[in-house]
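Notes follow the structure.
The values are calculated or read from the model by the stated rules, or taken from the named source; none is laboratory data. Bear in mind the structure is a predicted one, so any value in this text is a computation, not a measurement. Glycine also receives a Cβ, built like all others from the backbone with ideal geometry; neighbour counts cover every protein chain displayed.
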Amino acid sequence: MTVVEERDLRTDVVVRLDAVAKRYGTGAGALLALDRVSMTVRKGEFVCLLGASGCGKSTLLSLIAGLDEISGGTLDIGDRRVSMMFQEAALFPWLSVAGNVELPMRLRGVGRSERRRRADELLDTVRLGGFADKRPHELSGGMRQRVALARALAQDADILLMDEPFGALDAMTRDILHDELERIWRERDLTVVFVTHNVREAVRLGDRVILLSSRPGRVIEDYPVAHPRPRRIDSPEVSGQAAEITDRLREEVARHAG
Amino acid sequence: MPADVKVPDAAADRVTGLDSLELGGSGGTSQLGRRVWRSTWPKLLAIAIALLVWQLVAVSGWKPSWVLPGPGPVFHDLGDLVTTADFWDGVRLTLIRAVSGFALAVLIGTVIGAAVASFAPLRAAIGSLITGLQTMPSIMWFPLAILLFQLGEKAILFVVVIGAAPSVANGLISGIDYVPRTWLRVGQVMGMRGIAKYRYLVLPASLPSFVSGLKQGWAFAWRSLMAGELLVIVPGAVSIGVRMQNARDLSDSGLVISYIIVVLVLGIVIDMLFKAADGALRKRWGLT
């Protein structure tokens, strides 16, 4: 065990999954969602989990977040804290924009003025400085996701988990939010695990793209993405690698025919 | 490196530019006077039609005029009525009964609703009973209430509370049940547990449903109270119901109809208050 810990320290591993399995139900009707998933995430890394429907990528994220329990193997995030963003912004309508961002701090007992100051600073970070006193419904979808990002950052967590956070947005907004997320990830030295089914999005954002198979979810490939940042989703390098990964994904989907 | 300095600015412009495009120019608010008129004239028209029909029936000779007077004499009676201090004492008494009964119903309904929503065995035991109680016509409770509490304020209070509390409880229960799953997950990731989860998430999230429960509860309380005031006559307490009964005993149709109008107007006014509260909440939440 000591050996493992030493290695963790040296390589800064913050998430370690070893042969993780997740089953729903028991007996003959049990569904194996994840099968022997092993992967690691290092501090400051941007890791994208990519897969077709039924690959259990969202399940995997829920397991890391502690929202669900593993059925086998080991999952170790130490005493690190996680925050999470979902496809819906899921802002609370009874709170103002600033109130939503302050909520995680309120739960930790941060004082009122300190809360407000930090919320203002976080809203500036997501370029919503002038919207602190608005209500969530007064904002557009992309703006709401940025508030959700500010709220997630307000948790001061070690790991940011993102479950298809831009899936419901139009292409233009998504493109701009990729730039924003990349900027904030670099400025704040975040560790991100990002789930998506969009291959280009994964290559655009990730340091690594982990490709999962479907039913059950297994790691089939772990692609390093070495293109210089800031990247563009339509650059030849991103498109080229996305095409390569798409081919692999198609093979995987075809396996389920018949 | 000038190019490097320029990049963040361009990015910021793109973001704020897109924001302002997406928010768009919201349509200018129309004038207040116009809005008020637009929502008022259908109501005025409805009142005019009702009065016209009433007048036509009255002059048709279907019933003698001392049994069914037309709007003219009734409004004359009503005008006389509302200028007496005695009448306002009756209104005050009735409203105090209504508000205190309703308040007690809210208290009891909230406690029961919260308990049922949080403990599964309790829900299995009395969840459907609460819905059953809601369908009970409250007048059915009076014989029992009179046996339990005699002809007194408590009998009326009992029926008002038993009529209104189930709606309040049900409003809270469905509010708690239908807190969106994603909100609960967000709360869980934020580390909300136990009381904090209720205080910061579940209770505020169930507010709209709770408010419609209150609104419905009030309607039941008001109906139960009116039935109670006609059936349970407490010596010395000259409420609206008692006055109406007295008018009937004196065969004073004009006065009976006047009291009907009074009860109708009170009901409408209070309903408007609930609507305003509900509307303000929906607007704040962006539900409209």
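Given (1) surrounded by fewer than 20 Cβ atoms within 10 Å (Cβ to Cβ); (2) modelled with pLDDT of 90 or more, identify the lone condition not met by residue B:288.
Result: residue B:288 fails condition (2) only.
Residue-by-condition table, conditions (1) in a loop (DSSP other than H, G, I, E, B); (2) charged (D, E, K, R):
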{"site": "B:62", "(1), (2)": "yes, no"}
{"site": "B:67", "(1), (2)": "yes, no"}
{"site": "B:80", "(1), (2)": "no, yes"}
{"site": "B:100", "(1), (2)": "no, no"}
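Of the residues A:172, A:162, which is facing another protein chain (nearest Cβ under 9 Å) and of a type outside the set (S, T, N, Q)?
Working: A:162 fails: facing another protein chain (nearest Cβ under 9 Å).
Of the residues listed, the single one that is facing another protein chain (nearest Cβ under 9 Å) and of a type outside the set (S, T, N, Q) is A:172.
Scanning for something within 25 Å of residue B:133 (Cβ to Cβ) and at pLDDT 90 or above, does region B:246-265 turn up at least one residue? Explain how you work it out, then say what you get.
So the first thing to find is which residues in region B:246-265 are within 25 Å of residue B:133 (Cβ to Cβ), and the list is B:263.
Of the ones still in play, those that are also at pLDDT 90 or above are B:263.
Taking every residue of region B:246-265 in turn, at least one turns out to be within 25 Å of residue B:133 (Cβ to Cβ) and at pLDDT 90 or above.
May I ask you to list the residues in region A:137-167 that are under 25 Å from residue A:235 (Cβ atoms), touching a residue at least 40 places away in the same chain (Cβ under 8 Å) and not charged (D, E, K, R)? Show your work before the answer.
Step one: filter region A:137-167 for residues under 25 Å from residue A:235 (Cβ atoms), giving A:142, A:145-146, A:149, A:160, A:162, A:164-167.
Filter again for touching a residue at least 40 places away in the same chain (Cβ under 8 Å), leaving A:145, A:149, A:160, A:162, A:164-165, A:167.
Those that are under 25 Å from residue A:235 (Cβ atoms), touching a residue at least 40 places away in the same chain (Cβ under 8 Å) and not charged (D, E, K, R): A:145, A:149, A:160, A:162, A:165, A:167.
Against the definition (away from chain B (no Cβ under 12 Å) and crowded, with 22+ Cβ neighbours inside 10 Å), how does residue A:150 come out, yes or no?
Taking the combined requirement at face value, the residue satisfies it.
Report yes if residue B:248 is within 14 Å of chain A (Cβ to nearest Cβ), surrounded by fewer than 15 Cβ atoms within 10 Å (Cβ to Cβ) and assigned to a helix (DSSP H, G or I), otherwise no.
On the way: within 14 Å of chain A (Cβ to nearest Cβ): no; surrounded by fewer than 15 Cβ atoms within 10 Å (Cβ to Cβ): yes; assigned to a helix (DSSP H, G or I): yes.
Answer is no for this residue.
Hey, which of the helices (runs of 4 or more DSSP H) in region B:102-213, taking only ones fully inside, have at least 2 residues that are within 14 Å of another protein chain (Cβ to nearest Cβ) and either more than 30 Å from residue A:62 (Cβ to Cβ) or of a type outside the set (Phe, Trp, Tyr) (or both)? First the steps, then the outcome.
Details: elements: B:120-135, B:142-149, B:153-177, B:181-189, B:194-197.
Ranges flagged: B:181-189, B:194-197.
In region A:209-231, is there at least one residue being surrounded by fewer than 18 Cβ atoms within 10 Å (Cβ to Cβ) and at the interface with chain B (Cβ under 10 Å from one of its Cβ atoms)?
Looking for residues that are surrounded by fewer than 18 Cβ atoms within 10 Å (Cβ to Cβ) and at the interface with chain B (Cβ under 10 Å from one of its Cβ atoms), one finds at least one in region A:209-231, hence yes.
If you take the residues of region B:265-283 that are surrounded by fewer than 16 Cβ atoms within 10 Å (Cβ to Cβ) and charged (D, E, K, R), which of them is farthest from the chain's Cα centre (by Cα)?
Restricting to residues being surrounded by fewer than 16 Cβ atoms within 10 Å (Cβ to Cβ) and charged (D, E, K, R), the top hit is B:283.
Is region A:61-78 home to any residue that is at positive phi and within 14 Å of chain B (Cβ to nearest Cβ)?
Yes: one or more hits.
Quick one: is residue A:86 within 14 Å of chain B (Cβ to nearest Cβ) and within 29 Å of residue A:104 (Cα to Cα)?
Values: within 14 Å of chain B (Cβ to nearest Cβ): yes; within 29 Å of residue A:104 (Cα to Cα): yes.
It is true that residue A:86 is within 14 Å of chain B (Cβ to nearest Cβ) and within 29 Å of residue A:104 (Cα to Cα).
Here are B:232, B:262: which of them is surrounded by 15 or more Cβ atoms within 10 Å (Cβ to Cβ) and more than 19 Å from the chain's Cα centre (by Cα)? Working first, answer last.
On the way: B:262 fails: more than 19 Å from the chain's Cα centre (by Cα).
Unique residue meeting the criteria: B:232.
Consider residue A:226 carefully, then state whether it is modelled with pLDDT of 95 or more and over 22 Å from residue A:21 (Cα atoms).
Numbers: modelled with pLDDT of 95 or more: no; over 22 Å from residue A:21 (Cα atoms): yes.
Considered against the rule, which asks whether it is modelled with pLDDT of 95 or more and over 22 Å from residue A:21 (Cα atoms), residue A:226 comes out as no.
Mind listing whichever residues of region A:102-119 are away from chain B (no Cβ under 14 Å) and surrounded by fewer than 17 Cβ atoms within 10 Å (Cβ to Cβ)?
Initial filter on region A:102-119 (away from chain B (no Cβ under 14 Å)): A:111-114, A:116-119.
Selection gives A:111, A:112, A:113, A:114, A:117.
Counting only residues that are under 25 Å from residue B:194 (Cβ atoms) and surrounded by 14 or more Cβ atoms within 10 Å (Cβ to Cβ), how many does region B:99-129 have?
The number of residues fulfilling the criteria is 14.
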